[in-house]
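What follows is a set of notes on a single structure, which appears directly below.
The values are calculated or read from the model by the stated rules, or taken from the named source; none is laboratory data. Predicted model only: the values in this text are computed from it and were never measured. Here the Cβ positions follow ideal geometry from the backbone for every residue, glycine too, while neighbour counts run over all protein chains shown. Please note that ligands, DNA and RNA were not included when accessible areas were found on the heavy atoms of the full protein model with its side chains. Shrake-Rupley method; radii C 1.70, N 1.55, O 1.52, S 1.80 Å.
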Amino acid sequence: MVRIRVLVVDDHRIFAESLAAALAAEPDVEVSAAGSGPAALRCLERAAAEGRRFDVLLVDADLGSAHGPPVVARAVPDQAEDGLVDGISLVAGVRTVQPSVRTVVLAEKDDPRRAALALQAGASGWVAKDCSLQRLLAVIRGVLREETHLPPALLTGVLRELTAARKHRTESERLVESLTPREREVLRCMVAGLGRKAVAERLFLSPHTVRTHMQNVLGKLGVHSTLAAVALARRAGVGPVEDLPAVGSTG
C-alpha cells in the first residue's frame, strides 16, 4: 500500500493534534505535526535527509497569529514584507525549497483575496477548517493528482482577484522595464534586503553612486520607499540578487 505522508502545520495545538489523529486513522495516511513555519521547514529538511519526503502539507491560513507575535524565520524564501512567517509565506517557501510537496491551506473563513494569494504562492487547495474528514481526504488525494481545490462559493471572487493581480503585475512589469540594466541590478539587491553599503560592495560601486541609482529606481517606479519598490518588484517577478550573474567592476 502506498502511504501518503502528511504534515499538519498549525499553532493551535489541540486542533492540530485532533486533525492529525483523525487522519492517522486512515490506513494509507501517515501524519506528523508542526506548530510553526520554522518547525515545518525543519521537518521537511529532516525528512528529505532521511529519504522520506512529505507529500502534502496542511497549513493554517492564520499561522503565527494565534498566540502572540509570529516567529521570524529567515529560512523561508519570499517572505511576507514584514519578515513574519504566516501560512501563505510558508506556502511560497515550501514551493521554493521542495516544489514536489503539495500544500493545502486550512482556513477559518472564506476569503477570496487570501485564497488567491495562496494559489499565487503555490497552494493547491483552500479548505475550510470545519469541513468533513472525508472532504479533506478527497482534497489531499486530489492535489496529489495535480488537481486544484477551492470551495465553489470562492471561485468567482478568486478569479476576480487573480485577474486584478495580473493587471497589477503587467503594470509593474512595464515600470521595471523602464529601468536601466544597472538600476535593475540595484533593485534586485533591494529585493534581497541589502543595504546601501552591501549593494555598493556587491556591485563594485561607491555608496554615493548606489544612492543615486536607488533614488532613480524609486522615481521611475513611482514609489517613495524601498519597501514599496520591493513589493512592486515582487509583483513583476523580479528575483533577489542571488540570481544575478557575477557583476563587473564598472558602474
Considering only C-alpha atoms, what is the centroid distance from segment 222-237 to segment 1-52, in Å? 36
For a quick check, take a GNM of the chain with Cα springs below 10 Å and name the residue from LEU203, LEU232, LEU136 with the largest mean-square fluctuation. LEU203
What aspartates and glutamates sit close enough to LYS129 to cross-link, taking a C-alpha to C-alpha distance under 12 Å and skipping anything fewer than 8 places away on the same chain? ASP10, ASP60, ASP62, GLU108, ASP110
With a 1.4 Å probe and every protein chain left in place, tell me how much accessible area VAL2 has, in Å² to the nearest 10. 130
Net charge near LEU44, counting Lys/Arg +1 and Asp/Glu -1 over other residues with Cβ under 13 Å of its Cβ? +4
Among DSSP beta bridges lying fully in the chain, give the percent that are antiparallel, nearest 5. 5
Please check: in the Gaussian network model of the chain (C-alpha springs, under 10 Å), which one of ASP110, ASP62, ASP28 has the largest mean-square fluctuation. ASP28
For the full complex of protein chains and a 1.4 angstrom probe, list GLU183, GLU177, GLU30 by accessible area with the highest value first. GLU177, GLU30, GLU183
When the Kirkwood hydrodynamic radius is evaluated over all pairs of different C-alpha atoms of segment 180-219, what value in angstrom, to one decimal, is obtained? 9.6
For helix 87-97, what angle does its Cα long axis make with the longest principal axis of the chain, in degrees from 0 to 90 and rounded to 10? 80
Can you give the extra length, in nm with one decimal, that the chain gains between LEU162 and GLU146 once fully stretched, where that is 0.36 nm per residue apart less the Cα-Cα distance? 3.8 nm
In what order, largest first, do MET190, MET214 sit by accessible area if the probe radius is 1.4 Å? MET214, MET190
Assuming R0 = 22 Å, can you tell me the calculated FRET efficiency for the pair ARG42 and PHE15, based on Cβ-Cβ distance, to the nearest 0.05? 0.60
What does the accessible area per residue of the chain come to in Å², with a 1.4 Å probe and no ligands, DNA or RNA counted? 51
Note down the accessible area of LYS197, probe 1.4 Å, to the nearest 10 Å². 140
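Hey, could you grab the Kirkwood Rh for the chain? Inverse mean 1/r over distinct alpha carbon pairs, Å, one decimal. Write out the running numbers ahead of the final one.
Numbers: mean 1/r = 0.0507 Å⁻¹.
Every distinct Cα pair counted, the radius reaches 19.7 Å.
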Is any residue of segment 216-243 close enough, with backbone N under 19 Å, to a label point placed 7 angstrom from the Cα of SER178 along the Cα-Cβ axis, and if so, which? 216-238
Taking a probe of 1.4 angstrom, what is the accessible area of THR163 in Å², to the nearest 10? 100
Rounded, prolate or oblate: which fits segment 89-164 when a ≥ b ≥ c are the square roots of the eigenvalues of the alpha-carbon gyration tensor, with rounded for a/c under 1.5 and prolate only if a/b beats b/c? oblate
